[in-house]
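Some notes on the structure that comes next.
Quick note: the coordinates plus some simple rules give every number you see, no bench work behind them. The shown structure was predicted, so the numbers you read here are calculated from the model rather than taken from an experiment. Please note: Cβ atoms are built from the backbone with ideal geometry, for glycine as well, and neighbour counts cover all protein chains shown.
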């Protein structure tokens, strides 16, 4: 797989309007539709994960599942290590909803760069079961984590 395997996908964001006077009352973000064919594998599980301010989830990789993530509250940076050992950083936030695909066997982590708890919506190509052992913790020893201490 190449870098395009985990490229960011800009999601559709639409204003919603009040039924009485048509003023804008919010937004709607399309994450997945079966007919879009944006994702190479259809989700079999959907969940929401929270990340405390300044905290990191991962790094780890999944050996059997592809994952898709979008920040729906707050702001996170997804850090993905490619096959050549290069790190890629992709920002996703409630203001700029970017869907990030992490294929199986790619190591990744994400860090909450906001001052509030961030929420991440995840779609997975296979559903998790309590006895699964397909997640492997890894280390990003050569990654510059200190740059995020300014949060």
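Ranking request for peptides 127-137, 29-39, 68-78: highest mean number of other beta-carbon atoms within 10 Å first, then the rest in descending order.
68-78, 29-39, 127-137
Label the range 105-151 by shape, choosing from rounded, prolate and oblate, from the square roots a ≥ b ≥ c of the eigenvalues of the Cα gyration tensor; if a/c is under 1.5 it is rounded, and otherwise prolate applies when a/b is larger than b/c, oblate when it is not.
It is oblate, given that a/c is not under 1.5 and a/b is not larger than b/c.
How big is the range 71-130 by Rg and Dmax over its Cα atoms, in Å?
Spelled out, the Cα radius of gyration and Dmax of the range 71-130 are 12.4, 34 Å.
Multiply the residue gap between residue 7 and residue 95 by 0.36 nm, knock off their C-alpha separation, and tell me the result in nm, one decimal place.
Stretched fully, the residue 7-residue 95 segment lengthens by 29.8 nm.
Post the alpha-carbon centroid distance, the range 125-148 to the range 55-73, in whole angstrom.
7 Å
Between Rg and the Kirkwood Rh of the range 18-92, both from Cα atoms, what is the Rg to Rh ratio? Before the final figure, lay out the partial values.
Numbers: Rg = 16.5 Å, Rh = 15.8 Å.
When Rh is taken as the Kirkwood radius, the ratio is 1.05.
For the range 1-148, what does the alpha-carbon gyration tensor say about shape, rounded, prolate or oblate, given a ≥ b ≥ c as the root eigenvalues, a/c under 1.5 as rounded, and a/b over b/c as prolate?
Working: a/c = 1.93, a/b = 1.45, b/c = 1.33.
The shape class here is prolate.
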